[in-house]
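A short worksheet on the structure shown next.
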C-alpha cells in the first residue's frame, strides 16, 4: 500500500512539474541561419519547435521539468542531435517572458541554437 502511494505521489509531482510549461506556446529567434523565428509548442510531455516562416517542424522532443530545469531529448527533427543526448536548460518565467539558460547539453547543434534564449508567451 505504501509503495503504491509513493508511486502515485511521484507521478503526480512529475505531472505537476511539467504543468508549468504544458500546453503553452512561446516565440523566439534561434541562433541558426542568421536568425530563425520559431515557436516552442509545449504539449503534455512533448516539445515541438516550429519554423514560423513556413510552419514546418524543426524538431520534436520529449521534455520533463524539475526544479526550474527543463530536460529535452530529441524524438525527430533536422538537427544532428543523437536521440540519446539530453539537453538541460534552466528557465525563469516572468511577465510573459521565459529565459532559458544552458545548464548542459550533449548536442552542439541544440546548445548553439538555444544557448541563452528569451521567449515571449504567445
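The values are calculated or read from the model by the stated rules, or taken from the named source; none is laboratory data. It should be emphasised that the depicted structure is a prediction, and the values quoted were computed from it without experimental measurement. So basically every Cβ, Gly included, is an ideal-geometry build from the backbone, and we count neighbours across all protein chains shown.
Tell me which residues, restricted to region 30-41, are touching a strand residue (DSSP E or B) at 6+ places or on another chain (Cβ under 6 Å) and within 16 Å of residue 113 (Cα to Cα). Within region 30-41, 30, 35, 36, 37, 38, 39, 40 meet the criteria. Residue count for region 92-121, restricted to those that are surrounded by 12 or more Cβ atoms within 10 Å (Cβ to Cβ) and free of Cβ contacts under 8 Å to residues at least 60 places away in the same chain: 13. Among the residues of region 42-59, those that are over 15 Å from residue 117 (Cβ atoms) and within 9 Å of the chain's Cα centre (by Cα) comprise 46, 48.
Taken together, the residues in region 16-28 that are surrounded by fewer than 14 Cβ atoms within 10 Å (Cβ to Cβ) and modelled with pLDDT of 95 or more amount to 1. Pairs only if they're at least six apart or on different chains, beta carbon under 6 angstrom, first in region 18-32 and in a loop (DSSP other than H, G, I, E, B), second surrounded by fewer than 16 Cβ atoms within 10 Å (Cβ to Cβ) and modelled with pLDDT of 90 or more; list them, first residue then second. Filtered contacts from region 18-32: 22/44.
Look at residue 84 and say whether it is surrounded by 18 or more Cβ atoms within 10 Å (Cβ to Cβ) and either out of contact with any strand residue (DSSP E or B) (no Cβ under 9 Å at 6 or more places or on another chain) or part of a loop (DSSP other than H, G, I, E, B) (or both). Here the answer is no, as residue 84 does not meet what is asked.
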